[in-house]
1. Mind listing whichever residues of the range A:100-115 are more than 9 Å from every other protein chain (Cβ to nearest Cβ), assigned to a helix (DSSP H, G or I) and touching a helix residue (DSSP H, G or I) at 6+ places or on another chain (Cβ under 9 Å)?
2. Would you please name the residue that is farthest from B:Gly143 (Cα to Cα), looking only at residues in the range B:201-213 that are surrounded by 16 or more Cβ atoms within 10 Å (Cβ to Cβ) and more than 8 Å from chain A (Cβ to nearest Cβ)?
3. B:Thr198 fails exactly one of the following numbered conditions: (1) within 12 Å of chain A (Cβ to nearest Cβ); (2) part of a strand (DSSP E or B). What is the number of that condition?
4. Picking from B:Phe181, B:Phe151, which residue would you name as being out of contact with any Phe, Trp or Tyr (no Cβ under 7 Å at 6 or more places or on another chain), farther than 30 Å from A:Arg229 by Cβ and outside any strand (DSSP E or B)?
5. Would you pick out the residues in the range B:320-374 that are surrounded by 20 or more Cβ atoms within 10 Å (Cβ to Cβ) and among the acidic types (Asp, Glu)?
6. From the set of residues in the range A:135-164 that are touching a residue at least 40 places away in the same chain (Cβ under 8 Å) and of a type in the set (Asp, Glu), which is surrounded by the most Cβ atoms within 10 Å (Cβ to Cβ)?
7. Just to be sure before I move on: is B:Ser268 out of contact with any helix residue (DSSP H, G or I) (no Cβ under 8 Å at 6 or more places or on another chain), assigned to a loop (DSSP other than H, G, I, E, B) and hydroxyl-bearing (Ser, Thr, Tyr) in the structure I sent?
8. Quick check, is B:Lys245 at pLDDT 95 or above, closer than 30 Å to B:Pro373 by Cα and within 13 Å of chain A (Cβ to nearest Cβ)?
Amino acid sequence: MKYLKISLFLLIIGVIIYSCDKVDPPYIIEQGGDDTTACPVPEFPDTFYVKKVLLEEFTGHKCPNCPEGSLVANQLREKYNGQLILMSIHAGTFADPSASGPYSYDFRTIAGDILNDEFQVWGYPTAMINRIEISQGNWVMLSTQWEPTIDGIIGDDPLLGMQIINEFELTTRKLCIHVKTKYLEDFNQDIMLSIYIIEDNIINWQKNDNSDLGPVPDWEFYSHNHVLRDAVNTAWGDVLSNGFMPKDTSIIKTYEYYLNTEWNYENCAIVAFTYNADTKEIIQAEENHVE
Amino acid sequence: MKKIDLSVLLIVLFSVFPFSIKAQNFLDGGQVHGNFQIDAQYYEPDDKIGADTIPEKFLMNAFGNIIYTNGDFTAGFRYELYLNPLEGFDKRLEGNGIPYRFASYKKDKFEITVGNFYDQFGSGLIFRAYEEWNLGVDNSVDGIRVKISPFKGVTFKGIYGKQRYFWDKSPGIVRGADADFFLNDIFKKWQEKKTKITIGGSFVSVYQPDDPGLKLHLPLNVAAFAGRFNISHGKVNFSGEYAYKINDPDQINNFIYKNGEALLLTASYSQKGLGVLLAVKRIDNMSYKSNRLENSYALDVNFLPPLTKQHTYSMAAMYPYATQPNGEMGLQAQVVYTIPKKSKLGGKYGTTIAVNFSVVNSINKQKINDTIPIDEYGTLGYKSDFFKLGDTKYFEDFNIEITKKISKKWKLIASYLNIIYNIDVVEGHPGEEMVHANIGILDLTYKFTPKKSLRLEYQQLFTKQDKGDWLAFMLEFTIAPKWFFSVMDQYNYGNPDNNKQLHYYTISAGYTKKANRIALSYGRQRQGIICVGGVCREVPASNGLTLTISSSF
């Protein structure tokens with residue numbers, strides 16, 4: 001009987017040791033427009049391309065100055081009439097959810113945390129404009145600097161043209177994202193493509209210290225807009241092209257994605273942008289609603 | 001959620017109704033015991049201290065444990081209520097019901113438990129299921145546990161189940177086995193030896209289904225193993241445990257694939273009037289959870305013991321250390337010496353001096369190559385030299401405590417602490433300066449009669465960082481063993497913001513009779529963190545009336 005018990009125990013140990021998966025690199029599952037079976041590529045209509053700029057705001061629900069930052073960003077969006085795309089990244093200490101109470105909702109994302117670290121965000125609210133490195137090791141700037149920085153680049157001719165077509169099935173919440181990038185000049189650099197999901201009008205608590213904007217110090221029914229929800233192809237995206245690409249080349253990438261049931265699809269949009277793999281600076285951006 | 005499982009009903013019915021003759025016998029000689037606790041608070045908004053308005057005004061956490069034992073059989077359950085959870089507790093606790101129920105049978109060298117159980121392998125480096133009411137932590141396993149002792153000195157343990165996750169269960173399945181060998185019992189010729197040796201080993205594996213949203217090739221089965229020893233020889237004791245975990249990308253480590261390691265070594269010496277302890281540890285990527293997406297304290301499969309002294313005085317506990325599972329190297333040394341009675345220095349009643357020092361640093365981390373940043377998502381993360389300290393200090397605490405009974409009427413405890421606290425890392429306040437704090441505490445008790453005493457606590461904290469200097473004062477009158485009354489104030493007179501130089505006053509009273517205790521307090525609670533065993537939770541500022549009732553039978 002004793003030996004039976006010991007054998008049984010050794011058997012359990014054996015099973016447990018066997019229950020161990022060692023993963024070899026590469027660890028990341030490569031994406032890159034290979035979902036065309038599940039998502040047949042539609043025809044893209046002809047269009048006229050204009051330069052678009054991405055403003056990525058770093059914010060947090062416990063940041064009392066952040067409603068003012070969002071106000072500035074929204075005013076700028078109106079000013080530039082669709083040429084400015086906004087994204088709010090909840091990251092850092094002000095975005096930490098409380099264990100309980102009003103501020104327990106977690107707005108943070110894995111991609112947002114990565115960006116917050118990589119771009120060495122030193123304050124909230126701050127923003128990156130097209131991820132331009134404004135000084136050595138400094139990408140983010142205070143709201144007073146946003147407008148002059150955008151003014152300096154928004155009038156440039158677009159070097160790349162981007163279009164997004166989204167096809168959403170409500171029952172399965174399957175989303176097919178098709179992104180076309182057209183090279184409007186000869187290019188000789190490595191280009192990356194990133195695709196993020198944002199959501200508008202998430203009603204939740206926000207700290208606020210400006211009574212002209214809303215209740216202070218706690219704004220219960222604050223509308224959080226352009227909130228980064230996820231990165232479809234990881235925080236750093238996929239390689240779009242390496243090295244030389246002649247003018248007028250077009251590349252279409254397709255992604256299959258299932259929208260989180262917690263998110264209101266009617267308020268969700270896809271933000272796609274292309275950037276220089278070396279400098280990380282964004283070359284062109286585009287936005288389109290999920291539905 | 002909130003529903004009683006069938007198994008609970010069966011346990012309860014089986015315990016209450018005599019189904020058969022056998023069941024009647026089963027009830028003969030049975031004993032029921034248990035305990036209850038109610039923690040409730042009435043909240044008042046207080047803008048000055050940043051206490052939010054609580055819509056419910058009144059919040060309550062409560063539990064009741066009922067345990068039935070009859071010979072070899074034990075069964076029990078715990079009812080819990082969080083309506084709604086007290087401020088500072090995880091709001092996912094909201095609800096009421098029976099999250100914990102079990103039945104256990106033990107005969108000779110065999111024990112089996114079904115339902116929820118708490119247990120740990122060794123020091124817990126790869127498995128510890130425990131609950132800590134004050135933190136709102138409960139990671140009990142709901143499953144099956146078997147213990148067998150086939151020979152004297154040999155114990156095997158096997159566990160299988162899912163962990164409690166508030167009112168739900170973990171997505172991952174936890175499987176584990178542990179073996180413990182007390183060599184002096186196993187080998188006859190060692191039985192009489194003064195040197196006692198125990199060795200042990202354990203294995204744990206967690207299974208969690210794939211998560212396509214992460215776009216990673218995930219290990220679905222994450223295993224960890226550990227080996228340990230304990231050698232004692234008279235007054236000297238030496239113990240250690242080493243644990244290893246294979247690739248376990250999760251939210252805490254930013255989904256890196258590096259293996260995890262932990263080493264804990266402790267040496268101690270104790271004799272009458274003298275105790276010496278020296279402990280070292282190294283933790284490297286050892287967060288181990290039954291849900292790779294969980295980033296709170298919930299669903300920890302393992303426990304990483306802290307090597308820092310847990311302080312009880314309010315100012316000393318201002319900057320408690322929280323274990324950093326992604327990597328830390330620490331050391332703790334402690335000497336407790338009692339100067340004998342009737343000696344020159346010891347005085348009539350003796351004097352006890354306790355000196356404690358602990359320090360925790362980051363571990364050395366190097367890039368795996370030139371292009372991949374440290375801790376990059378979906379990579380090996382970093383390389384680390386096992387014996388090399390990292391550049392960042394997380395925590396340092398030097399403290400000395402002198403306890404002296406001056407006369408029959410007077411008793412004094414005097415303490416000094418010097419704490420260095422990396423608030424950026426421990427509390428996640430990026431960019432905030434390292435806190436250097438000096439703390440002095442005087443605790444003086446005067447006994448009017450053997451039953452009536454008055455205790456005065458005076459504490460002062462000096463720091464140029466964080467919220468600046470504090471002063472705390474408490475007066476407590478006790479009529480043993482039933483009554484206590486106290487008034488307390490913590491005053492943040494050194495806050496760099498003049499508007500925040502506030503008083504946090506509290507008055508309290510309590511009554512204890514046998515195993516029943518009721519306590520009331522009214523006042524302000526400052527914002528801070530509380531830690532038990534290196535696991536911490538944030539406590540928001542609050543103001544109001546707190547009621548605690550506890551009872552056991």
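The values are calculated or read from the model by the stated rules, or taken from the named source; none is laboratory data. It should be emphasised that the depicted structure is a prediction, and the values quoted were computed from it without experimental measurement. Reconstructed Cβ throughout: ideal geometry from the backbone, glycine too, with neighbour counts over all protein chains shown.
1. A:Gly112
2. Ranking the candidates gives B:Gly201 first.
3. All conditions are met except number (1).
4. So the residue among B:Phe181, B:Phe151 that is out of contact with any Phe, Trp or Tyr (no Cβ under 7 Å at 6 or more places or on another chain), farther than 30 Å from A:Arg229 by Cβ and outside any strand (DSSP E or B) is B:Phe151.
5. Within the range B:320-374, just B:Glu328 meets the criteria.
6. Top of the filtered list is A:Glu147.
7. no
8. Yes: the conditions hold for B:Lys245.
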